[in-house]
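Enquirer: Encoded as structure tokens, here's the structure I'll be asking about.
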Amino acid sequence: MEDLTLPKFLKVKDKASGKEMYCPININQRKFKSALKYKAEDTDVFVCSYPKTGTTWLMNIVWLILHDGTEVPGPYRESIPMLEFDGSEAPESIRNREFPCIIKTHFPYKFVQINPKAKYLYITRNPKDAFVSFYFHIRGCGKKYGTENPDINKLYDQYMKGEVQFDCYFDHLNEWYSHRNDSNVLFLLYEDMKQDPRNGILKVAKFLGEKYEELLMKENGKLMEKVLELSSFEHMKSRTIWEYPKRPANEPFIRKGVIGDWKNHLSAEQADGLDRALMEHGKESGISKLWDKYAEFL
Ligand code: A3P
């Protein structure tokens, strides 16, 4: 009998490049494969991440800075395409020479055709909160993952094996982390953004270009205040444009937005398992130390 609590993912393989990855079961494979070939324009700005690590938040901040505080119209994917789901033609269809094109992607680094002149912002979040957020994401997206009632224990096993969409959290992080010092990459922590959003926004503006830093800080930081307000958790939660349209009202996409919610949902063994996996995957690369300063929450 079919297990109605087991989230399902589909392994998609692109024969031409040999690249393969777990995806949601309703993925448009043609678009996915075309995305692998997307050649970025020099002015493109990519918001990159593993799922549930603060992508939407960062994307909103980038948009607000580049558009002088004017909000993203909804639904957001008509303005900020998601490369792997919307395909390579999506950025072309919205390209506006007045503003750089913002592209969201959860692709691992090796799946992205890097243009040295384009900009790539990568955000990450401690794996325990990222996993819990992912569990609630699946609850909210119901049939897209073949279950409306996922079992957190089964999902945990899949997550640890990397048998979930976008594969293994730790490999994804390791790969992007190894490029953190590239001049076209800005590497950010969700927890740093939470602790000091003002500084996070400033870092993003600086990375986008001197012009944006100046705009942000002119007239006593008027734009900075606006970006802070319009990217706050409360404000973002009040807008429905980020939601998967069929999401039940009690499973909001902008859900809790805190550091340490894992304590309410993971067993001690699960928390320990994620900590150990971070240690093991981070021994050489150093990702195991990324959250040392947040030990009180994690
Ligand atoms: P939680 O489920 O822990 O609340 P992504 O955009 O990568 O899918 O990440 C979603 C997570 O980011 C969710 O975490 C969501 O609530 C959180 N988030 C979204 N906007 C935020 C904001 N303005 N401030 C803090 N967290 C935010």
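Enquirer: What does the convex hull of the alpha-carbon atoms of region 67-190 project to on average, in nm²? Don't skip to the end; give the middle numbers.
Expert: On the way: hull surface 36.5 nm².
For the Cα atoms of region 67-190, the hull's average projected area reads 9.1 nm².
Enquirer: Once phi is turned into ³J(HN,Hα) by the Karplus curve 6.51 cos²θ - 1.76 cosθ + 1.60 with θ = phi - 60°, what whole-Hz value does each residue of region 130-145 show in order, with x for glycine and proline?
Expert: Coupling constants for region 130-145: 5, 5, 4, 4, 5, 4, 5, 4, 5, 4, x, 9, x, 5, 4, 10 Hz.
Enquirer: Could you tell me the calculated FRET efficiency between residue 5 and residue 279, based on Cβ-Cβ distance and R0 = 22 angstrom, to the nearest 0.05? All intermediate terms of the calculation are to be shown ahead of the outcome.
Expert: Numbers: r = 30 Å, r/R0 = 1.35.
Calculated value: 0.15.
Enquirer: In deg cm²/dmol and to the nearest 500, what is the mean residue ellipticity at 222 nm of the chain if only DSSP H runs of at least 4 residues count, each as -39500 (n - 2.57), divided by the residue total? Write out the running numbers ahead of the final one.
Expert: Details: 12 runs with 122 residues, N = 298.
Here the helix-only value at 222 nm equals -12000 deg cm²/dmol.
Enquirer: For region 150-298, build the charge dipole from Cβ charges (+1 Lys, Arg; -1 Asp, Glu) around the Cα centre, then report which of 204, 295, 170 sits farthest towards its positive end.
Expert: Projecting each Cα onto the dipole axis, the largest value belongs to 204.
Enquirer: Based only on the alpha carbon positions, what is the Kirkwood hydrodynamic radius of region 71-130, in angstrom?
Expert: On the way: mean 1/r = 0.0758 Å⁻¹.
13.2 Å is the Kirkwood radius here.
Enquirer: So, one more: Hey, got the dipole for region 64-175? About the Cα centre, +1 on K and R Cβ, -1 on D and E Cβ, debye to the nearest 20? Provide the component values of the computation, followed by the final result.
Expert: Values: 14 positive and 16 negative charges, 25 e Å.
Dipole about the Cα centre, nearest 20: 120 debye.
Enquirer: Counting pairs of alpha carbon atoms under 8 Å apart in space and at least six apart in sequence, what relative contact order in percent does region 9-294 give?
Expert: On the way: 410 pairs, mean separation 64.7, N = 286.
Relative CO of region 9-294 lands at 23 percent.
Enquirer: While we're on this one: Summarise the long-distance tail of P(r) for the chain by giving the % of C-alpha pairs beyond 25 Å.
Expert: On the way: 21009 of 44253 pairs.
Across the chain, Cα pairs with separations above 25 Å total 47 percent.
Enquirer: If you take the Cα Rg of region 148-193 and divide it by 2.2 N^0.38 Å, with N the number of residues, what do you get?
Expert: Working: Rg = 14.3 Å, N = 46, 2.2 N^0.38 = 9.4 Å.
Output field value: 1.51.
Enquirer: Another question, then. Using Cα centres only, tell me the gap between region 8-31 and region 100-159 in whole Å.
Expert: A separation of 15 Å, based on Cα centres.
Enquirer: With charges set only on the Cβ (+1 for Lys and Arg, -1 for Asp and Glu), what does the dipole of region 1-141 come to about its Cα centre, in debye to the nearest 20? Intermediate results must be reported in sequence, preceding the final value.
Expert: On the way: 21 positive and 16 negative charges, 116 e Å.
About 560 debye.
Enquirer: Projected onto the charge dipole of the chain (+1 at Lys/Arg Cβ, -1 at Asp/Glu Cβ, origin at the Cα centre), which of 259, 76, 34 gives the Cα projection farthest towards the positive end?
Expert: My answer, from the dipole projection, is 34.
Enquirer: Largest first and to the nearest Å, give the Cα extent of region 13-58 along each principal axis.
Expert: Principal axes ranked by extent give 32, 28, 16 Å for the Cα atoms.
Enquirer: Could you bin all the Cα-Cα distances of region 139-298 into 5 Å bins starting at 0 and give me the percent of pairs in each, rounded to whole numbers?
Expert: 1, 7, 12, 15, 18, 18, 15, 9, 4, 1, 0
Enquirer: Moving on to the next point. Work out the length of the dipole vector of the chain about its Cα centre, built from +1 on the beta-carbon of each Lys and Arg and -1 on the beta-carbon of each Asp and Glu, and round it to the nearest 20 debye.
Expert: Charge dipole, the chain, about its Cα centre: 560 debye, nearest 20.
Any read-out appearing in this document is the output of simple, stated calculations on the displayed coordinates, not a laboratory observation. Quick caveat, the model's predicted, so the values are computed rather than measured. Because the Cβ atoms are built from the backbone with ideal geometry, glycine has one as well, and the counts that use them run over all protein chains shown.
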